[in-house]
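Engineer: Starting off with a structure, shown below.
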Amino acid sequence: MSQLPESATAAQTWDPKTLIVAGGRPEHTNDGPVNHPITFTSTYHSHGLAGAEDRVYARFSNPSWDPFEEVLGQLERAQYPALVFSSGMAAISAALTLVPEGGVLVLPQHSYNGSLGLSAELQAAGRFSVRAVDVANTDEVLRAMDGADVLWLESPTNPMLEVADLPVLLAAAKTSGVLSIVDNTFATPLLQQPLTLGADLVVHSVTKYLSGHSDLILGAVVTSDKQLHSRLHGHRTLHGAIASPMDVFLALRGVRTLSVRLERSQENSQILAERLAAHAKVSTVRYPGLPTDVGHRRATEQMSGYGSVISFTVGSSATDADRMIEELRLITGATSLGGVETLAERRARHANEPTTVPENLIRLSVGIEAVEDLWLDLSRALERI
Ligand code: PLP
């Protein structure tokens, strides 16, 4: 499917909260199902009369991908459906092939550690060179873009929650002919839509908020550029990092509730961030929703919500942070984010995390539980360090 179907184009005018519920549905017919079935197949009947739209083989396309790709494309206000990949990293890996041989990639120093790791590996192999920047420092990023080929943005960043000036940086990239790619995993298209600000490509770890239940790994890329869409489709087909039909079905089922999940988790995040900031055992809190946060003004201007990840430092050492996580009873100590359940992780436990991430920093992915239960758990654990 290379063009949005007509009905989908009409859906572009729907409020995103409606789109996630009503998009990607089968035609309304008597006795027809309200959900698309899952298609488990490796190949398709082919009678030698192949037309351009033939599916041919299930590595090329699968009807189970279409509704989710349609909805995500529409949510990001793209001209084309999204392309799902087997993981966020598979999508990132495909996107990094857009950096030309011997080219220059501008990359936030606190990007997701997988993006940092893969870029470092490709740099070491001589594929391209990386200019690491403080993405919240607009002048620094603009300077680094001089003579660069690709600008990679992540905002807010994982796990430091720095907020990039997306309108200024994406406009500058467009003017100077630098290809721009935004990892929109933390914000989701309900909070910001980078393509509408001029980004060439958006990547997602669908594993997180979009699917929302910590039960699958999935990625996606989204673009309004026909050539990029076709190139990344070709990459997916030949490199083979394709999604399971079951996982995409679950992701679509998950995305249906994205707005209510985000509403609740952001409400919880605001309350918890304020209480953490006032707690004696907590030294710093990063959450763009806090009026005192350095990213607050920018986030207020360019996002329609502050997201549901809080980063904070506790006590004075890694041991203090580990101890706190061990003391949690309701909140799960685990990596990942964006699910309905609250997760806490000391990020620096990963050897590949940038050394500028404090060793006692805990990333809290706030879920949709009752906020007083979450606070009881957090404050109890804080008292024990
Ligand atoms: N982008 C961000 C911002 C992430 O946080 C992650 C995973 O944590 C990824 C990309 C990679 O996604 P996946 O784990 O689905 O491969």
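Engineer: Given N residues in region 271-311, what is Rg(Cα) / (2.2 N^0.38 Å)?
Structural biologist: 1.14
Engineer: Take peptides 353-359, 40-46 and line them up by average Cβ neighbours within 10 Å, highest first, as a rough protection proxy.
Structural biologist: 353-359, 40-46
Engineer: On to the next question. Quick one: divide the alpha-carbon radius of gyration of the chain by 2.2 N^0.38 Å and tell me what you get.
Structural biologist: Rounded to two decimals, the normalised Rg is 0.99.
Engineer: For region 150-295, compute Rg over Rh where Rg is the Cα radius of gyration and Rh is the Kirkwood radius from the inverse mean 1/r over Cα pairs.
Structural biologist: 1.02
Engineer: Sticking with this one: Could you work out how far apart the two model spin labels at F60 and T196 are, taking each label as a point 7 Å from the Cα in the direction of the beta carbon, and quote it in nm?
Structural biologist: 3.6 nm
Engineer: Per DSSP helix of 4 or more residues, -39500 (n - 2.57); summed, then divided by the residues of the chain. What does that give at 222 nm, rounded to the nearest 500?
Structural biologist: Calculated from helices alone, the mean residue ellipticity at 222 nm is -11000 deg cm²/dmol.
Engineer: Another one. I need the calculated FRET efficiency for the pair A280 and S46, taking r as the beta carbon distance and R₀ as 45 Å, to the nearest 0.05.
Structural biologist: 0.05
Engineer: Which residue, V206, V71, V168, has the most motion in a Gaussian network model of the chain that connects Cα atoms within less than 10 Å?
Structural biologist: V168
Engineer: How charged is the neighbourhood of T185? Take every other residue with its Cβ under 9 Å from the Cβ of T185, and add Lys/Arg as +1 and Asp/Glu as -1.
Structural biologist: Combined, the nearby Lys, Arg, Asp and Glu give -1.
Engineer: Sticking with this structure for a sec: Can you find, among V130, L201, V150, the residue sitting farthest towards the positive end of the charge dipole of region 129-219, where Lys and Arg contribute +1 and Asp and Glu -1 at Cβ?
Structural biologist: Going by the Cα projections, it comes out as L201.
Engineer: Among all the lysines, which ones have a C-alpha under 17 Å from K174's C-alpha, if same-chain residues fewer than 8 places away are not counted?
Structural biologist: K226
Engineer: Could you work out the relative contact order of the chain, using alpha carbon pairs under 8 angstrom and six or more residues apart, expressed as a whole percent?
Structural biologist: Taking the mean separation of contacting Cα pairs over the length of the chain, I get 15 percent.
Engineer: Quantify how much of the Cα-Cα distance distribution of region 114-188 extends past 19 Å, in percent.
Structural biologist: 34 percent
Engineer: Rounding to the nearest 10 and keeping the result within 0 to 90°, find how far the Cα-based axis of helix 371-383 lies from the longest principal axis of the chain.
Structural biologist: Taking Cα atoms only, the helix is inclined about 50 degrees.
Engineer: For S317 and D15, FRET efficiency with R0 = 45 Å and r from the beta-carbon atoms, rounded to 0.05?
Structural biologist: Step by step, r from the Cβ atoms, then E = 0.45.
Engineer: Next up: Given T175, Q74, M246, which one lies farthest toward the positive end of the charge dipole of the chain, if we put +1 on the Cβ of every Lys and Arg and -1 on the Cβ of every Asp and Glu?
Structural biologist: Result: M246, furthest along the dipole toward the positive end.
Engineer: May I ask you to list the aspartates and glutamates whose Cα is less than 14 Å away from that of K17, ignoring any residue fewer than eight positions away on the same chain?
Structural biologist: Partners found: E76, E263.
Engineer: Now for a different question. Please calculate how many Å² of accessible area region 221-336 carries per residue, with a 1.4 Å probe and no DNA, RNA or ligand atoms counted.
Structural biologist: Result: 46 Å² of accessible area for each residue.
Engineer: Further question on the same structure: In region 236-271, which residues have a backbone nitrogen under 19 Å from the label point lying 7 Å from H213's Cα in the Cα-to-Cβ direction?
Structural biologist: 243-265
Engineer: In nm, give the distance between the simple-model label positions of M246 and A351, each being 7 Å from the Cα along the Cα-to-Cβ direction.
Structural biologist: 3.3 nm
Engineer: Between E341 and S129, with labels modelled 7 Å along Cα→Cβ, what's the label distance in nm to one decimal, could you check?
Structural biologist: With each label point 7 Å from Cα toward Cβ, the separation is 4.7 nm.
Engineer: Right, here's the next one. Assuming R0 = 45 Å, what is the FRET efficiency of A22 and E383, from their Cβ-Cβ distance, to the nearest 0.05?
Structural biologist: 0.45
Engineer: Helix 226-239: angle to the longest alpha-carbon principal axis of the chain, degrees 0 to 90, nearest 10?
Structural biologist: The two axes meet at around 90 degrees.
Engineer: If packing is taken as the average number of other Cβ atoms within 10 Å across a peptide's residues, how do 236-243, 187-194 rank, most packed first?
Structural biologist: Most protected by this proxy first, the peptides run 187-194, 236-243.
Engineer: Quantify, in whole percent, the carbon and sulfur part of the accessible surface of the chain (1.4 Å probe; protein heavy atoms only).
Structural biologist: Result for the chain: 53 percent of the exposed heavy-atom area is carbon or sulfur.
Engineer: Let me ask another. How big is the equivalent ellipsoid of region 327-371 along its three axes, where each semi-axis is √(5λ) from the Cα gyration tensor, reported in whole Å from largest to smallest?
Structural biologist: Semi-axes, largest first: 22, 10, 8 Å.
Engineer: For the peptides 332-340, 220-228, 155-163, 362-370, what is the packing order when you average, over each peptide's residues, the other Cβ atoms within 10 Å and list the highest mean first?
Structural biologist: Highest mean packing first, the order is 155-163, 362-370, 220-228, 332-340.
Engineer: Determine the sum of side-chain charges near A173: Lys and Arg each +1, Asp and Glu each -1, restricted to other residues whose C-beta is under 13 angstrom from that of A173.
Structural biologist: Net local charge, A173 excluded: -3.
Engineer: Using only Cα atoms and rounding to the nearest 10 degrees, what angle (0 to 90) does helix 258-277 make with the longest principal axis of the chain?
Structural biologist: Roughly 20 degrees, rounded to the nearest 10.
Engineer: About the Cα centre of the chain, how large is the charge dipole given +1 on each Lys and Arg Cβ and -1 on each Asp and Glu Cβ? Please answer in debye to the nearest 20.
Structural biologist: So the magnitude is around 200 debye.
The values are calculated or read from the model by the stated rules, or taken from the named source; none is laboratory data. Keep in mind that what you see is a predicted model, and the values were worked out from it rather than measured. Ideal geometry is used to build each Cβ from the backbone, glycine not excepted, and the neighbour counts take in all protein chains shown. These accessible areas exclude ligands, DNA and RNA; they are computed on the full protein's heavy atoms, side chains included. Shrake-Rupley method; radii C 1.70, N 1.55, O 1.52, S 1.80 Å.
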